[in-house]
Every structure is written in C-alpha cells, then in structure tokens.
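FYI, it's all coordinate maths here, none of it is from the lab. Every value quoted in this text rests on a predicted model; they were computed, and no experiment measured them. A quick note on method: Cβ atoms are made from the backbone with ideal geometry, for glycine too, and the neighbour counts reach across all protein chains shown.
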Amino acid sequence: MNNIKYSYDYLFLSPHLDDVVLSCGGLIWQLTNSGAKVLVVTVAAGDPDYTKLSPLAEKAHKLWGLKSGAMAHRRQEDVKACAQLGADFKHLPIQDCVYRRDTRSGRELYTTQSDIFGLPCAEDLDLGQALPSMLLSLPVALKTFAPAGIGGHVDHEFTRLIARAVFGSKLMYYEDFPYCEDDASARFIVEREPDLESESIPLTQTALMRKIRSIEAYASQVKPIFRSLDLMRSRVRQHAQEVGGERYWKLGNQKEQNEGKNFMLRF
Ligand SMILES: [Zn+2]
C-alpha cells in the first residue's frame, strides 16, 4: 500500500518508470535506511490510447516484450522497485514521448528513434503546460532531484526544463544512468551549466546490492537496455566504481551557503 504523505525529506523526479532507480537507487536506499522519507515521482507514466499506437510506439512495445496495457505493467514494475528501496511512489499521467500527439492535428510528435533525442518540440512544450501545476501540487520536500539530461532523451529534457522552471536554483541533478557511462557526461554538464558543481556519494556494498535488486524489478527494460541481468549487474557495479558511488550536481554558490563538504546531502 502506498500512502502518499504530506511532506518528504527527498523527492526524486523520474522521466520514465526506471530512471531514478537506475541513477539514484543506492542513495535512496541509504536515505530510507537512515530514516528519511523519500518519494519517487515518475512523469511519463500515463496510459496511451492503445487503439491508436504509432509505429514507433509499436516498436517500443516489441522491444519491451509488452502489448496492450504496457504502461500498467511498467507501473507495477516501478511499485516493486520502489518497495525494494523503501521509497513511496507517485505516477503522473503524462504520456511517454513515443505516444504523444499534437492536440490539434493528432499528428505523432516523434516518429523515429532519432527524433526522441533532442529538445522537446514546440507542440510538446504546449502539452507540457500541465506539468508545472502537477509538480507544484506534489508533497513538499526538503530537497528535490531532477535528471541532468545526459543522453539528451526528449523526456529527460522535458522533465529537466520544467522542473528547473518550477523548483529554480534549489534543484539538484542526478546523472542519467546508463547514458552517463560515457566519460564525457561530466564535461557535458559543465559546458551546458558552468555554475553546477558535482559531488559523488559513496555507496555501501549493501546499498549497491539493493540498487541492483531494485533495478531487476524493471524486467521489461533490463533486456532492451542491458541485454541481460548479468550485464546490468556488472555495468552498475563498474559505473559505481568509476564515479565513487553515484554523482550529483548542484549550483556552486549553494556549496558555500552549506559550508563545504557534503554540500548537497546531509544524512
Ligand atoms: Zn528514461
């Protein structure tokens, strides 16, 4: 049972039903294990009209091994993953970009795989007008995290841009895994927003194990992303080793306000 509370210590915004757990699962477990209240909010968790799927949406379903009711299945995977981490969940009714259509013409907004990497189109930002009020009506939290947008997936950009407009400079960013496996990811963030500074949060062995176990709950996504459970486990471990746990970003001037070390997170 998922009883959403009035307030949380930490709120994590996930573009899709997997991104936050893939990127922040270790930190989330460490936070909940130390008594903090965490809410994972997935933006693109809504149902499409399954009678009007575009070829791109059909292709995505095939990749996920899912048919009609795909999103209900994916939401259940997320429920299991969040339970593994001791976090509450909330699913917003925005559709994944493979389902989104122009409200006036009914035309598909993204028709090819390459279309879904880049900034959201103007019609999409029109559709996104509903998101700021959804974010503003979420439970209050001491700290809110959004994706840094590494990889440039349109849903990640959509979430990042609107979250930044709503939460402003207090927002913290996580590196989108597995897009951030590329060494250039940190450079990408600094070049785009030079005022952001990073901090790596070390993970205990138990936290890493919990993270891996929670990612396993997204069975429809593990195979298309990693090809196998074993490859997922080794890539998650490898990345944690490379960045010293999980890496997060925040505006540099807030570092001074918070007096140095552990500027983003206090446990
Ligand atoms: Zn994603």
Degrees, to the nearest 10: 55-64 long Cα axis against longest axis of the chain = 50 degrees
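For the chain, what does the convex hull of the Cα positions come to per residue, in cubic angstrom? The partial results should precede the final answer.
Working: hull volume 32.7 nm³, N = 267.
So the per-residue Cα hull volume is 123 Å³.
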Cβ-based net charge around M71, under 12 Å, with every Lys or Arg adding one and every Asp or Glu removing one = -2
Count charges around A186 for me, please; just the other residues with Cβ under 10 Å from its Cβ, Lys/Arg as +1, Asp/Glu as -1.
-> -2
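What is the packing order of peptides 151-161, 203-213, 18-28, 48-58, taking the mean over residues of other C-beta atoms within 10 Å and listing the highest first?
Working: 151-161: 21.6, 203-213: 17.7, 18-28: 27.7, 48-58: 14.4.
The peptides rank, most packed first, as 18-28, 151-161, 203-213, 48-58.
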Cα centroid distance between the range 149-191 and the range 73-110, in Å?
-> 18 Å
Rounded to one decimal in nm, the spacing of the 7 Å Cα→Cβ label points at S105 and A219 is 4.1 nm
Roughly how big is the range 6-98's charge dipole about its Cα centre, with Cβ charges of +1 (Lys, Arg) and -1 (Asp, Glu), in debye to the nearest 20?
-> 180 debye
Would you list, by chain and number, the aspartates and glutamates whose Cα falls below 16 Å from the Cα of K250, excluding same-chain residues fewer than 8 positions away?
-> E175, D176, E191, E193, D195, E197, E199, E259
Nearest 10 degrees, 0 to 90: helix 154-167 Cα axis against the chain principal axis | 50 degrees
Please list, or write none, the aspartates and glutamates whose alpha carbon is within less than 14 Å of the alpha carbon of K37, excluding same-chain residues fewer than 8 places away.
-> D9, D88
Taking Cα atoms only, helix 70-85 is inclined relative to the longest principal axis of the chain by an angle, in degrees rounded to 10, of 10 degrees
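Ranking request for peptides 131-137, 92-98: highest mean number of other beta-carbon atoms within 10 Å first, then the rest in descending order.
Numbers: 131-137: 13.6, 92-98: 21.3.
In decreasing order of mean packing, 131-137, 92-98 become 92-98, 131-137.
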Note on the chain, DSSP bridge orientation, antiparallel percent to nearest 5 equals 40 percent
Mind checking which of W64, W29, W249 has the largest fluctuation in a GNM of the chain, springs on alpha carbons under 10 Å?
-> W64
